[in-house]
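Take a look at the structure below.
The values are calculated or read from the model by the stated rules, or taken from the named source; none is laboratory data. As the structure is a computational prediction, the values presented were derived from the model and not from experiment. Neighbour counts are summed over all protein chains in view; Cβ atoms, including those assigned to glycine, are modelled from backbone coordinates with ideal geometry. Heads up: the accessible areas ignore ligands, DNA and RNA and are worked out on the full protein's heavy atoms, side chains in. Shrake-Rupley method; radii C 1.70, N 1.55, O 1.52, S 1.80 Å.
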Amino acid sequence: MLKVINRIFGAIVLLLVLIIGGLFLLPADRIARVAADQIKNATGRDVTISGDVSMTIWPVLGASVGELEIGNAEWSEQGPMITAQNAALGLDAMSLLRGEFRITNIEAQSPTIRLDSRVDGRASWKFSDASGTAEIETTPDPDREPGSFSIQALEVTDATLIYDAEGADLISYSGVDLKLDWPEANGEARIDAVLRPAGVPVVIGATIDSFASFLAGDVRQINVDLQAAGGQVTLAGRAGIAGDVAGAFTLKTDSTDGFLKALGLPGADLPQGLGASIDLSTELTLTSDRNLSLRDLVADLDGNRITGAADIGLNGVPQINAQLDAGALDLASATGGSGDGTAAPAGSGWSKTAIDASGLAAFNGDIALRADSVDLGTLKFGATRTLLRNERSRMVFELREVAAYNGTLSGEFVLNNRSGVSVGGKLFGQKLALEGLLGDLAGITRLTGAADAEIQFLGVGASTDAIMRSLSGKGALRVGTGTIRGFNLDQLMRSGQGSGGTTVFDSLGATFAMKNGELSNNDLLVALENYEARGKGVVGLGTQTIDYLFTPKALRANDGNGIAIPVRIRGPWANPKIVPDLEAVVDLNFSEEKERIERKAKEEVERAVEKELGVTPEEGQSVGEALEKKLEDEVSKRLKRLFD
């Protein structure tokens with residue numbers, strides 16, 4: 001038995017020696033020529049193998065070549081489709097023993113891969129024309145018949161990938177690692193790739209059903225997973241090599257800006273609420289001419305949940321046409337607001353934090369939005385229907401139907417970042433609750449009532465503070481019954497002490513103008529049952545200060561002539577001083593008595609001068625003029641004496 005085992009073992013060893021020895025005796029250059037013919041038969045492209053050619057046993061059974069070049073499509077102007085140094089061509093050992101040469105895998109170090117596509121459907125990696133008619137014409141050596149060509153595995157490291165799509169910017173990636181696992185010619189293929197468009201790895205994994213049909217131009221089942229710093233993308237659906245894709249798509253980012261930069265794209269430092277982080281799912285359709293359709297869209301943008309549909313053109317800056325619905329939409333951070341649902345304390349100054357509006361350059365187009373509520377940080381709205389139009393970093397919010405402060409708001413609001421940040425617009429309000437509106441806008445809670453208002457404004461600056469200090473424009477305000485907290489007009493008129501309490505009015509109206517962050521008004525009129533009040537002054541919108549003269553008048557006092565007690569309101573919004581202006585009280589209410597007293601005092605002075613100095617005014621001459629005349633005469637007399 002032992003002898004039998006030894007003989008069998010010896011036979012196996014002898015067979016291995018013969019096989020290995022036979023492999024070493026195979027001419028490497030013949031293997032290279034056969035490989036070139038098989039690749040040419042399969043692709044229809046010229047194949048050049050040059051440089052040193054040698055046989056390899058480990059780790060790949062096959063041939064190692066110094067240089068490998070595969071030609072491009074005739075219409076392409078990019079040069080060879082593939083050029084590689086130190087390529088290894090793997091062989092099927094069993095086929096080799098049968099006298100056949102079958103390439104099973106290719107490995108290459110630092111190759112350059114050039115891909116080219118045209119809008120008419122031609123692509124350099126498609127080895128047939130757009131109609132599917134084969135273009136492959138080969139002239140293999142008549143002395144041999146190369147077997148069928150298939151690649152079970154392809155592995156390239158440190159590759160340079162160049163993609164030129166007609167009508168789009170040239171894309172070039174270096175440091176690309178790519179691995180193809182394709183065990184069955186008509187079966188599924190697995191592709192793993194690592195790209196480094198920005199120096200950090202982007203890992204892509206994909207499985208494609210019936211890979212041979214996919215390469216031939218058919219639309220096949222595909223699953224893709226892409227991971228990079230800051231985010232992940234998945235797709236489960238169908239795709240074709242021409243660029244047509246459809247399926248379930250998800251996008252999740254912890255940092256949208258970081259994710260885009262990792263992909264080698266311009267970053268988008270989006271504010272909270274507009275996509276600083278994204279959790280999105282949708283049914284996606286992408287056509288070969290780069291038109292994207294999103295249906296059943298559900299997106300969470302930093303806590304803002306949005307649903308709807310969109311059509312996006314991806315040639316150049318994305319062109320968006322979307323219909324979106326949202327619940328409670330929080331955009332406080334996006335507008336530079338406090339983000340905590342409250343306005344900054346009055347008198348503390350506006351925020352000087354720089355407003356980042358760079359996200360306005362990310363797209364152009366129209367977005368129709370409906371929301372249950374919108375929080376802009378400073379201002380808060382209820383149910384909202386608006387249309388956002390963005391063109392070259394200028395976004396216009398067309399307010400079609402906005403519930404705001406117990407009333408309605410319409411008009412448009414503009415955010416512009418073409419040459420620095422600016423805001424402006426024309427707004428019209430009906431029945432707005434002043435206490436809430438002015439409280440959120442300026443921290444002022446002394447005035448209540450339902451107002452009809454209109455305003456046209458423009459502000460420029462890199463922060464809320466700069467914008468408020470630059471505001472210009474004009475507006476008008478009309479209010480029905482309301483109150484002014486902080487002083488009691490009736491008490492003021494009766495006793496001159498009006499601090500504290502509340503004044504109830506029947507109507508209020510005013511117009512105003514703004515310039516350099518200062519609001520000026522000179523026609524305020526407040527009507528009460530027995531009083532009226534007029535006002536004029538300035539409000540520092542940028543400085544959060546006020547200097548205003550409020551003049552109430554008791555219409556039935558002073559024998560029906562009325563009596564007025566002006567009140568000066570001056571100081572910071574947070575704590576202005578409200579005091580009667582006594583000088584103005586005298587000017588308004590006792591002007592006749594003042595003139596009479598001044599006239600009497602003047603007469604007494606003139607009589608005293610006449611008596612003491614012996615000056616008697618001539619007709620039409622004042623005492624001063626008479627005194628001046630007398631002094632001139634005396635000086636003249638004394639000068640004459642000096643020369644006599």
Residue hits (region 210-230; assigned to a strand (DSSP E or B) and either acidic (Asp, Glu) or on the phi > 0 side of the Ramachandran plot (or both)) are ASP225
Taking region 202-214 and keeping only residues that are touching a residue at least 24 places away in the same chain (Cβ under 8 Å) and surrounded by fewer than 17 Cβ atoms within 10 Å (Cβ to Cβ), one is left with VAL203, ALA212, SER213
task: Tell me, please, whether a residue that is in contact with a Pro (Cβ under 9 Å, 6 or more places away or on another chain), hydrophobic (A, V, I, L, M, F, W, C) and within 23 Å of GLY308 (Cα to Cα) can be found in region 362-385.
output: yes
When every residue in region 249-266 that is open to solvent by less than 40 Å² (accessible area, probe 1.4 Å) and among the small types (Gly, Ala, Ser) is compared, the one nearest to ILE222 (Cα to Cα) is ALA262
Going through region 245-267 in order, the residues found to be outside any loop (DSSP other than H, G, I, E, B) and in contact (Cβ under 8 Å) with a residue 60 or more places away in the chain are LYS261, ALA262
For region 230-239, the count of residues that are surrounded by fewer than 16 Cβ atoms within 10 Å (Cβ to Cβ) and under 17 Å from LEU195 (Cα atoms) equals 1
Restricted to region 499-520 and to residues being of a type in the set (S, T, N, Q), open to solvent by 20 Å² or more (accessible area, probe 1.4 Å) and assigned to a strand (DSSP E or B), the residue farthest from ILE569 (Cα to Cα) is SER507
Checking LEU324, LEU360 in turn, the sole residue that is out of contact with any helix residue (DSSP H, G or I) (no Cβ under 8 Å at 6 or more places or on another chain), over 27 Å from GLY461 (Cα atoms) and at pLDDT 85 or above turns out to be LEU324
Just one listed residue, out of ASP169, ASP164, is assigned to a strand (DSSP E or B) and farther than 18 Å from ALA84 by Cβ, and it is ASP164
The correct count of residues that are touching a residue at least 24 places away in the same chain (Cβ under 8 Å) and open to solvent by 70 Å² or more (accessible area, probe 1.4 Å) in region 394-407 is 2
- Does ARG418 meet the test of being touching a strand residue (DSSP E or B) at 6+ places or on another chain (Cβ under 8 Å) and in a strand (DSSP E or B)? no
### Query
Right, LEU270: assigned to a loop (DSSP other than H, G, I, E, B), surrounded by fewer than 17 Cβ atoms within 10 Å (Cβ to Cβ) and among the hydrophobic types (A, V, I, L, M, F, W, C) or not?
no
Given (1) without any contact (Cβ under 8 Å) to a residue 40 or more places away in the chain; (2) part of a strand (DSSP E or B), VAL423 misses just (1)
_If I filter region 56-68 for residues that are at pLDDT 80 or above, farther than 22 Å from LEU195 by Cβ, surrounded by fewer than 19 Cβ atoms within 10 Å (Cβ to Cβ) and in contact with a strand residue (DSSP E or B) (Cβ under 8 Å, 6 or more places away or on another chain), do I get at least one hit?_
yes
Note on SER277: of the conditions (1) modelled with pLDDT of 95 or more; (2) within 26 Å of the chain's Cα centre (by Cα), unmet is (1)
Yes/no for LEU314 being open to solvent by less than 60 Å² (accessible area, probe 1.4 Å) and closer than 21 Å to ARG392 by Cβ: yes
Apart from one, (1) touching a residue at least 40 places away in the same chain (Cβ under 8 Å); (2) touching a strand residue (DSSP E or B) at 6+ places or on another chain (Cβ under 9 Å); (3) open to solvent by less than 30 Å² (accessible area, probe 1.4 Å) all hold for ALA242; the odd one out is (3)
Within region 172-209, residues being assigned to a strand (DSSP E or B) and within 26 Å of VAL219 (Cβ to Cβ) number 19
